[in-house]
Amino acid sequence: MKKKFLMVLMSAMMVTGNMSMVHAAEYENETNMEAEYIEAEPRGVDRNGNYSLSVGQSFEESFKVGNFIKEDHNTFNVKVEVDSGATATLIVTITSKDGFYHTQKVTSDTTITIEDCDPDDKYTVKFSTNAKNTSESISGKYYITSYIS
């Protein structure tokens, strides 16, 4: 608590011009304090990865499409590439905080576009499969990218 109060006080003093950045750094070193960094939730989307799913397997990617500094994004794509030899169907389900949004069965390379997104909503893309037994599977790559349309 003392450390946070001191950081706020030092920030206020720097803004009002009562303490220079050099003096603030010297004061921090004299008191042996370590700087605290707050990690902000990334917004806007540029994710990708590989998938390999068989019976009972799934995974999710969750994100927001808004931006803190730049203009908010209002559209995102889910691009799916399917490796040859797939013996199952990939099911892509997209939901938001309001509930169900979109679902699509994928058996070949596909791009799903979701428009008119709310930049403050959290979207979740779930990748699952309809595999019925252990001999069925599907694999490939996925890309999720947001942008302004």
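The values are calculated or read from the model by the stated rules, or taken from the named source; none is laboratory data. Quantities reported herein were computed from a predicted structural model and do not represent experimental measurements. Positions of Cβ are generated from backbone atoms using ideal geometry, with glycine treated the same way; all protein chains shown enter the neighbour counts.
A few comments on the model shown:
- Selection within segment 88-106 - among the β-branched types (Val, Ile, Thr) and surrounded by 14 or more Cβ atoms within 10 Å (Cβ to Cβ): Thr89, Ile91, Val92, Thr93, Ile94, Thr95, Val106
- Subset tally (residues that are outside any strand (DSSP E or B) and either crowded, with 19+ Cβ neighbours inside 10 Å or of a type in the set (Asp, Glu) (or both)) for segment 107-149: 9
- Filter result (in contact with a Ser or Thr (Cβ under 6 Å, 6 or more places away or on another chain) and in contact (Cβ under 8 Å) with a residue 24 or more places away in the chain) within segment 100-116: Lys105, Thr107, Glu115
- Ser58 being in the same structural domain as Thr110 (by TED's automatic domain parsing) and over 20 Å from the mean Cα position of the chain (by Cα): no
- Residue within segment 69-79 that is in the same structural domain as Asp120 (by TED's automatic domain parsing), out of contact with any Phe, Trp or Tyr (no Cβ under 8 Å at 6 or more places or on another chain) and modelled with pLDDT of 95 or more present: no
- Gly85 vs. criteria surrounded by 12 or more Cβ atoms within 10 Å (Cβ to Cβ), in a loop (DSSP other than H, G, I, E, B) and at pLDDT below 95: no
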